[in-house]
Amino acid sequence: MTTDPTQDPRPAAVEQLEQFGLSSYAAQTFVALAGLGIGTARDVSQVSEVPRTRVYDAIDELHDRGLVDVQQSSPKKFWAISAETASRIFEHELQHRTDVLRTALTELEPVERRNEQRGVWTVDGQTAVTERVLEFFDDAEEQIVYMTVDELLTDDLIAALRDAADRGVDIKIGGISDDVQRQIRAEVPGVSVFESLWVWSDTPAGRLMMIDGRKTLVSALVNGADAGPHDPRSETAIWGEGEANSLVAVLKGIFTWRLDASDSDS
């Protein structure tokens, strides 16, 4: 578990530096220098658990990554870059690694992944389900039909819907309260709202979605047996893709019927 940086900044900083690939001694050395400003190997060893003989190896590692400067004095003195500069370096490294990973994984994807997904697939956890929904929103070319509860229509999802609307995607939303309807109409141009068949918020249903008539997702909110009253509800979802997919065929029929009924009522 990540240490709270506001309560215990040193171990929290060491833990995160190790996550970015620094050795334990290098991470501890950098944190020591961050507190000292300028220090010698002896100074670092006195305020950390790094043996004096290992400080120099740690400094070499930090110097190679541009995190410390060395003064060629006797004894040598070491200076750590600022927290802002260090954060920027690691942010750039992370972005580069993410870009490389995305390119490599994209090259590995089979053609079938982009065209047809056979069967029904499961996704567990609210974060994972939200990421899948965001991915599907980004892929939409013609239409998004989305039923959900207020709490799951987050700012990230509204922004993704707005981007889709800007691409000319037709967006239809259902299941949300009057207040959220007003918000979504103000933030997403051209969105239309339709009525659901039941009070969506009174059920364990989480989301029901159709993208371009060929990709669908349905989720349910599940409180674990040991979950406390203030714990966020977990979520599990199933999704399918392709016109011949059984889940797509069933949900497409339901959506088409519901939307046709809504159009005739209006």
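The values are calculated or read from the model by the stated rules, or taken from the named source; none is laboratory data. What you are looking at is a predicted structure, and each value in this text was computed from that prediction instead of being measured. Virtual Cβ from ideal backbone geometry, glycine too; neighbours counted across all protein chains shown.
Hey, Val44 hits all of (1) under 14 Å from Ile81 (Cβ atoms); (2) assigned to a helix (DSSP H, G or I) but one; which does it fall short on?
(1)
What residue, of Glu151, Glu91, Glu142, is of a type outside the set (A, V, I, L, M), over 20 Å from the mean Cα position of the chain (by Cα) and not assigned by TED's automatic domain parsing to the domain that holds Val44?
Only one candidate qualifies: Glu142.
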